[in-house]
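What follows is a single structure, written as structure tokens, with notes after it.
The values are calculated or read from the model by the stated rules, or taken from the named source; none is laboratory data. Keep in mind that this is a model prediction, so the values were computed, not measured. Virtual Cβ from ideal backbone geometry, glycine too; neighbours counted across all protein chains shown.
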Amino acid sequence: MLFDGVGEPLRLVERPVPEPGPGELLIRVQACGVCRTDLHLLDGEVEIRRPPRILGHQIVGLVERDAQGESNETRRVGVPWLGWSCGECVYCRSERENLCPSARFTGCDIDGGMAEYTVADERYCFPIPADYPSEQAAPLLCAGTIGYRTLRMCGDATRIGLYGFGAAAHILLQICRWQGRSVFAFTRTGDEQAQSFARQLGAAWAGGSDEQPPEPLDAAILFAPVGALVPVALRALAPGGTVVCGGIHMSEIPAFPYAILWQERSVRSVANLTRRDATELLELAPRAGVRTRVNTYPLSAANEALADLRAGRFTGAAVLSIELDTPS
């Protein structure tokens, strides 16, 4: 599924199977998650510098072969948003490759997984836990890893608010509950379906983002790309609490009084992910009993999946199942 330009629908095209270069793997894609970042790319809020481009950065598939022609089709891997880093800068040398100024991102700078085949840097291919079907595993590659990174920024917070209850939040809630933390889920105003889903997963409370939680929060994580929620979340924090902005893009943050930041409250962002994030999350998810709720679409229905995500027509995550387009 090819991105040609901002505001245009993805286009289904036939292309030759790509050839892996040195250090790369050719992967036969089984599933690819659909992410809000894909909407930011479509809308031009995150720039694709060299279109056309194949989108998709929550990829699960089987290794077809490497650059030397060696195959291992029993090896199942996942490919996330961060697809390449230089390995030489101060950030890469300090295990902060997510901040590498030369980084390349899957489905943005590198062709992604909304396709039958893709190639990926082997350094950024991660083993998928055996007990996860590929469609279930795909959301772990971005929604899961970014959610996990935001949680790391919360330290030992025990009362955590999640603003925006989509793919990332429904995974992170399960991890938080396994760790013994209390989760307060904030949804779009009146979204009773999402609030009910959060309660089913163990949320201590669920309500609209215009409501205050029943007790102060130690940390608030914003997955919704709405800048106006930053002061809302600050007002819900206990002294010393942190607001963590988990998205790659956010609308403008309005001015707010210093009083709601005072008493050592803080606001910070996360950017991308590190290999440590991916490795730790994929090891932790099975132990924590994480199960993703997925809504599957054939590859050819990628535009429909994106439209449903934009409109909030489902709970959980959207995943393109490549095999659904394969003739039996």
*Give, as residue ranges, the strands (runs of 3 or more DSSP E) completely inside region 163-264 that count at least 2 residues that are aromatic (Phe, Trp, Tyr), in contact with a strand residue (DSSP E or B) (Cβ under 7 Å, 6 or more places away or on another chain) and under 23 Å from residue 145 (Cα atoms).*
182-187
_Test result for residue 120, buried (at least 20 other Cβ atoms within 10 Å of the Cβ), out of contact with any helix residue (DSSP H, G or I) (no Cβ under 6 Å at 6 or more places or on another chain) and part of a helix (DSSP H, G or I)_ = no
*Does region 303-319 contain at least one residue that is in contact with a Pro (Cβ under 6 Å, 6 or more places away or on another chain), among the hydrophobic types (A, V, I, L, M, F, W, C), over 18 Å from residue 178 (Cα atoms) and not assigned by TED's automatic domain parsing to the domain that holds residue 224?*
yes
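Pick from region 266-299 the residues that are assigned to a helix (DSSP H, G or I) and among the basic types (Lys, Arg): which of them is nearest to residue 98 (Cα to Cα)?
Across region 266-299, the extreme among qualifying residues is 275.
The rows are residues; the columns are (1) loosely packed, with under 14 Cβ neighbours inside 10 Å; (2) under 18 Å from the mean Cα position of the chain (by Cα); (3) in the same structural domain as residue 100 (by TED's automatic domain parsing).
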site: 202; (1), (2), (3): no, no, no
site: 226; (1), (2), (3): no, yes, no
site: 238; (1), (2), (3): no, no, no
site: 244; (1), (2), (3): no, yes, no
site: 248; (1), (2), (3): no, yes, no
site: 255; (1), (2), (3): yes, no, no
site: 259; (1), (2), (3): yes, no, no
site: 265; (1), (2), (3): no, no, no
site: 279; (1), (2), (3): yes, yes, yes
*Only one residue in 271, 311 is over 30 Å from residue 238 (Cα atoms) and of a type in the set (A, V, I, L, M, F, W, C). Which one?*
311
_Quick test for you: out of 192, 252, pick the one residue that is among the acidic types (Asp, Glu) and either touching a Cys at 6+ places or on another chain (Cβ under 6 Å) or in contact (Cβ under 8 Å) with a residue 24 or more places away in the chain (or both)._
252
